[in-house]
Amino acid sequence: MNKTPFTDVHIALGAKMHEFAGFNMPIEYSGIIDEHLTVCRSVGVFDVSHMGEFWVKGPNALAFIQSITSNDASLLTVGKAQYTCFPNDKGGIVDDLLVYRYEDEKYMLVVNAGNIAKDWDWCVCHNTAGAELENASAHTAQLAVQGPKAIEVLQRLTPVDLSSIPYYAFRTGELAGCPNVIISNTGYTGAGGFELYFYPSDATAIWNAIFEAGQPEGIKPIGLGARDTLRLEMCYCLYGNDLDDTTSPIEAGLGWITKFAEGKNFTARAELERQKKEGVTRKLCAFEMIDKGIPRHAYEIADKEGRIIGLVTSGTMSPVLKKGIGMGYVKPEYTKPGSELYIRIRNKDLKAGVIKGPFRK
């Protein structure tokens with residue numbers, strides 16, 4: 001398995017380790033519920049160095065990004081970030097990603113760990129614009145410092161005014177004595193905080209400084225288990241569960257990142273325009289259990305007559321709500337808030353209700 005710059009630290013701290021996207025990653029330390037609530041109430045640190053980073057440079061950088069992503073990257077100014085996806089030839093999703101405009105002709109794409117090789121091949125094969133591409137994944141480390149007290153902790157370590165970084169924006173500056181750290185406000189947990197991108201050679205210094213600075217707030221390392229429950233409470237999609245090569249952004253409720261701007265001729269634009277105009281045969285919805293039960297990925301969803309109308313894509317026991325929650329694709333007529341669904345759990349159909357997300361306000 002691959003290692004991040006922090007793998008040995010996780011093991012030394014007694015984390016429960018498991019393979020994830022080819023990396024030996026921490027799943028939990030003190031327990032998923034404890035870690036989840038720590039992030040909601042205070043501050044926690046996630047090692048997300050397994051994520052992929054591609055640089056796109058040169059005078060044709062924007063043209064390349066416009067041709068390969070669904071959102072309108074021409075709206076980005078330097079210091080801003082954008083959520084988007086790579087549509088495939090049939091309108092499915094190769095991956096969802098973040099685009100950072102680092103300089104006028106320099107962008108960073110942050111992709112999912114399990115898709116690094118696939119995404120890199122996709123970018124290289126579709127680089128008809130002649131942009132300069134660099135796969136910097138192996139040379140970039142990343143920590144996500146999340147929670148309402150993250151800003152207090154990190155402000156002790158940097159001269160950058162963190163309160164001046166709006167949502168989906170970033171600054172580059174010194175942190176913990178290390179130069180050129182990208183400090184980004186695009187949190188995947190919905191609890192506030194920042195993502196830090198830096199050279200692996202600075203990993204130990206930055207990790208130690210963050211945990212020393214966060215002692216008064218009771219800072220803790222957090223595993224991928226709580227990262228999953230946190231994102232699900234916010235109804236954030238996870239690639240491989242809620243999104244894949246067969247799901248379109250229109251079906252997934254991501255029409256807001258699918259822009260049909262004049263002159264933006266991205267992959268499968270015609271098919272996605274058709275879906276937006278004519279509608280789709282399934283949509284992603286969020287639901288909470290009414291009967292006692294925990295929905296899980298790939299469980300069947302039925303109507304009150306027992307007919308199968310969809311599948312659960314993500315599900316868990318919510319640490320905040322203390323009830324089962326989930327998301328899944330169903331026929332569009334069942335996606336209105338208040339609609340009744342039935343989740344088939346161990347051959348029993350348990351009642352659930354569709355809600356307008358997120359679960360955690």
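Please treat every number below as a calculation from the coordinates, not as lab data. Quantities reported herein were computed from a predicted structural model and do not represent experimental measurements. No Cβ is skipped: glycine too gets one built from the backbone with ideal geometry, and neighbour counts run over all protein chains shown.
Express the relative contact order of the chain as a whole percentage, based on alpha carbon pairs under 8 Å and six or more residues apart in sequence.
Relative contact order, the chain: 18 percent.
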Pop out the ³J(HN,Hα) list for segment 325-337 in order, Karplus 6.51 cos²θ - 1.76 cosθ + 1.60 with θ = phi - 60°, rounded to Hz; leave Gly and Pro as x.
9, x, 9, x, 8, 9, 4, x, 5, 9, 9, 5, x
Along the principal axes of its C-alpha atoms, what lengths does the chain span, in descending order and rounded to whole Å?
63, 50, 38
In a GNM of the chain with a 10 Å cut-off on Cα contacts, which of I206, I93, I290 has the highest mean-square fluctuation?
I290
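Using the Cβ atoms and a cut-off under 11 Å, what net charge is assigned to the surroundings of L143, where Lys and Arg are +1 and Asp and Glu are -1? Display every interim value, and only then the final one.
Values: positive: none; negative: D47, E195, D202.
That works out to -3.
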Descending principal axes extents, segment 1-149, alpha-carbon based, whole Å:
48, 33, 29
By how many nm would the segment from R156 to R296 grow when fully extended, if each residue of separation counts as 0.36 nm and the alpha-carbon distance is taken off?
46.3 nm
Which order do E195, E262 fall in if you start with the one that has the fewest other Cβ atoms within 10 Å?
E262, E195
Relative to the present Cα-Cα distance, how much length would full extension add between N180 and E340 at 0.36 nm per residue of separation?
52.5 nm
Quick one: among L196, L272, L157, which has the greatest mean-square fluctuation in a GNM of the chain with alpha-carbon springs under 10 angstrom?
L157
Among I11, I343, I116, residue whose mean-square fluctuation peaks in a GNM of the chain (springs only between Cα atoms under 10 Å)
I11
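What pairs in K90/K361; K264/K331; K90/K323; K80/K361; K80/K322 have C-alpha atoms more than 27 Å from each other?
Listed pairs above 27 Å: K90/K361; K264/K331; K90/K323; K80/K322.
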Can you give the three extents of the C-alpha atoms in segment 281-355 along their principal axes, from longest to shortest, in whole Å?
32, 24, 19
Checking the a/c ratio against 1.5 first, then a/b against b/c, what shape does the Cα gyration tensor give for segment 166-323?
oblate
Order these by the 10 Å Cβ neighbour count, fewest first: Y299, Y199.
Y199, Y299
Students often get this wrong: which residues of segment 284-322 have the backbone nitrogen under 15 Å from the point 7 angstrom along Cα-to-C-beta of K348?
289-296
Between F54, F359, A15, whose Cα lies farthest towards the positive end of the dipole of the chain when Lys and Arg beta carbons carry +1 and Asp and Glu beta carbons carry -1, centred on the Cα centre?
F359
Run the numbers on segment 281-355 and let me know its relative contact order in percent, using alpha-carbon pairs under 8 Å that are six or more apart.
40
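Express the relative contact order of segment 52-138 as a whole percentage, based on alpha carbon pairs under 8 Å and six or more residues apart in sequence.
Relative contact order for segment 52-138 comes out at 43 percent.
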Excluding I183 itself, calculate the net charge of residues whose Cβ lies under 12 Å from the Cβ of I183, where each Lys or Arg counts +1 and each Asp or Glu counts -1.
-2
Exposure-ranked with fewest Cβ neighbours within 10 Å first, H50, H18 stand as H18, H50
Prolate/oblate/rounded call for segment 52-138, Cα gyration tensor, a/c under 1.5 rounded:
rounded
Could you give the distance between the Cα centres of segment 36-86 and segment 240-260, to the whole Å?
16
